[in-house]
1. Identify, from the list Val56, Val39, the residue that is more than 16 Å from the chain's Cα centre (by Cα) and either surrounded by 18 or more Cβ atoms within 10 Å (Cβ to Cβ) or basic (Lys, Arg) (or both).
2. In this structure, is Ala24 away from the ligand (no atom under 16 Å from the Cβ) and more than 21 Å from Leu6 (Cα to Cα)?
3. Within segment 39-65, which residues are more than 22 Å from Ala23 (Cα to Cα) and not charged (D, E, K, R)?
4. Pairs needed: first member in segment 94-112, without any contact (Cβ under 8 Å) to a residue 24 or more places away in the chain; second member anywhere, hydrophobic (A, V, I, L, M, F, W, C) and not in a strand (DSSP E or B); C-beta distance under 9 Å; at least 6 residues apart or different chains.
5. I'd like to know if segment 103-111 contains one or more residues that are within 16 Å of the ligand (Cβ to nearest atom) and touching an Asp or Glu at 6+ places or on another chain (Cβ under 7 Å).
6. Return the residues of segment 58-104 that are more than 25 Å from Glu32 (Cα to Cα) and of a type in the set (Ser, Thr, Tyr); say none if nothing qualifies.
7. Restricting attention to segment 50-102, and to residues there that are modelled with pLDDT of 95 or more and among the hydroxyl-bearing types (Ser, Thr, Tyr), which single residue is farthest from the ligand (Cβ to nearest atom)?
Amino acid sequence: MHELSLIEGILGIANELAETHHAASIESIELEIGTLANVEGEAFDFAWKAATPATVLANAERIIHHIPATARCLICNQEFEIAQYFDECPNCGSFRKEILNGTGVKVKRITLT
Ligand SMILES: [Zn+2]
């Protein structure tokens, strides 16, 4: 499951930060999940519950921001939000574009206890 490996990555970041600051646990964690990150909410929840007990994230409050994916048209340079990889440019109708963001998951902020 791809959600589980994502959370393992997040856990790695959280562990490192907690260790650096000699914190026993994490109070809250803010995540940015791109609309094209291919993260399924229920699977993410399930994986979170499976992966975080007995870790620094065990009691962490989880705040999730959904980041709309954006792209820039390679023909007319228009920047626009996309819901799907194959969305067309609203300005010129071209399908040729560069995806700017919204395809990944980022740790935005971690609050240590
Ligand atoms: Zn265009």
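The values are calculated or read from the model by the stated rules, or taken from the named source; none is laboratory data. As the structure is a computational prediction, the values presented were derived from the model and not from experiment. Cβ atoms come from the backbone with ideal geometry, glycine included; neighbour counts cover every protein chain shown.
1. Val56
2. yes
3. Within segment 39-65, the first condition is being more than 22 Å from Ala23 (Cα to Cα), and the residues that meet it are 39-47, 50, 64-65.
Once the filter is applied, which keeps residues that are more than 22 Å from Ala23 (Cα to Cα) and not charged (D, E, K, R), segment 39-65 yields Val39, Gly41, Ala43, Phe44, Phe46, Ala47, Ala50, Ile64, His65.
4. Close Cβ pairs (under 9 Å, with a partner that is hydrophobic (A, V, I, L, M, F, W, C) and not in a strand (DSSP E or B)) amount to Ser94/Leu74; Ser94/Ile75; Ser94/Cys76; Phe95/Phe86; Phe95/Cys89; Arg96/Leu74; Arg96/Ile75; Arg96/Cys89.
5. Just the residues of segment 103-111 that are within 16 Å of the ligand (Cβ to nearest atom), to begin with: none.
Looking through segment 103-111, none of the residues is within 16 Å of the ligand (Cβ to nearest atom) and touching an Asp or Glu at 6+ places or on another chain (Cβ under 7 Å).
6. Filtering segment 58-104 down to residues more than 25 Å from Glu32 (Cα to Cα) leaves 74-77, 90-96.
Correct list: Ser94 only.
7. Thr55
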